[in-house]
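The values are calculated or read from the model by the stated rules, or taken from the named source; none is laboratory data. These numbers come from a predicted model, not from an experiment. As a convention, Cβ positions derive from the backbone with ideal geometry for all residues, glycine included, and neighbour counts pool all protein chains shown. Heads up: the accessible areas ignore ligands, DNA and RNA and are worked out on the full protein's heavy atoms, side chains in. Shrake-Rupley method; radii C 1.70, N 1.55, O 1.52, S 1.80 Å.
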Amino acid sequence: MRIGILTSGGDCPGLNAVIRGAVLNGIKSHDYEFVGFRDGWRGVKESDVIDLPRQAVRGIAKQGGTILGTSRTNAFEGENGGAENIARNLEQLGVDALIAIGGEGTLAGAKRLCDEGIRIVGVPKTIDNDLDATDYTFGFDTANQIAVEAIDRLRTTGESHHRCMVAEVMGRHVGWIALHSGMASGAHAILIPEQSTSMDQICEWVNEANERGRAPLVVVAEGFVPEGDSEAFSTRGLDTFGRPRLGGIGELLAPMIEERTGIETRATVLGHIQRGGVPSAFDRVLATRLGMAAVDSVANEAWGTMVALHGTHINRVPLRAALNNLKRVPQNRYEEAKLLFG
Ligand code: F6P
């Protein structure tokens, strides 16, 4: 059996550990061969492949990014897109099955291709942790750690200048990175897409912290929708999956906080720093296990499924389960964090 691996969508720390886990398990347990498609679905559409022998994955679990490259290419668009073209390419390359490592957009493409007869299993990845069918996605732990380190630094400069600091983190339409990094760094307010919050409330928390002699720290998720607005702040158009490119809400909030509270306020957008660099130990282990399990899914011909973390177990779930709902921050988790605000 010859298996093609692709990494698609935004990159994420741990992708290389998945590739290594899959290749090592595939070679050792099943005597499979592997090729890697370059830049996600683009490589599949254009038959752009590299061989992945055992030595190609040596020592890569600790490397950030993806050795295969990635892109937000849509599998169905363009003259080479669609199940028929892709099936022909795979046949010409002698590739019997695909392991698609990606987030919601990638897995949606994988499911559609699978429905049209292509043999695919999925591995969920995203720093956003927004896939419903798995408890955690790899990359999330690393992104949080990076965010916390950055926010800790913002705090010391904020304290020195007696300023309010606004830290904007990623997460698209869910607030997991904001909730976890905000809680870990002792934020005085955490603003997430799941909770509409008024400027009055935000400024009350900022003032409370300031009155106690603290430099107020606000952690805001890029997808936060202030009360009265109907959509997340976005000025950069849509990505290839048709989703708004987010970013900039922190810069919008900072002058409003300053004007209302009279406290000098600065905003910092952490942006892609959260996706870069070496994966945490937790993410390396999770990613390796998922990669190994994905190969077992291939061996069991469990097409149209993805591997998922439930508690400490790696299970198999239908791809559609991952796509039905976003995993949002539940109310009780926000209420718990909110007790610490102000
Ligand atoms: O989905 C992961 C993510 O990093 C989101 O948190 C963010 O909104 C988006 O990707 C950024 O995408 P891009 O790298 O295309 O700017």
Please find, among 64, 9, the residue that is at positive phi, open to solvent by less than 40 Å² (accessible area, probe 1.4 Å), within 16 Å of the ligand (Cβ to nearest atom) and not assigned by TED's automatic domain parsing to the domain that holds residue 147.
9
Answer yes if at least one residue in the stretch 96-103 is outside any strand (DSSP E or B), in contact with a Gly (Cβ under 8 Å, 6 or more places away or on another chain) and at pLDDT below 95, and no otherwise.
yes
Got at least one residue in the stretch 44-52 being open to solvent by 30 Å² or more (accessible area, probe 1.4 Å) and under 18 Å from residue 323 (Cα atoms)?
no
So which residues in the stretch 155-178 are under 22 Å from residue 210 (Cα atoms), within 14 Å of the ligand (Cβ to nearest atom) and in contact (Cβ under 8 Å) with a residue 60 or more places away in the chain, if there are any at all?
168
Hey, could you check the stretch 251-279 for residues that are more than 18 Å from residue 232 (Cβ to Cβ) and either modelled with pLDDT under 95 or of a type in the set (S, T, N, Q) (or both) and say which is least open to solvent (accessible area, probe 1.4 Å)?
265
Go through (1) under 21 Å from residue 139 (Cβ atoms); (2) part of a loop (DSSP other than H, G, I, E, B); (3) more than 21 Å from the chain's Cα centre (by Cα) for residue 47 and report which single condition fails.
(1)
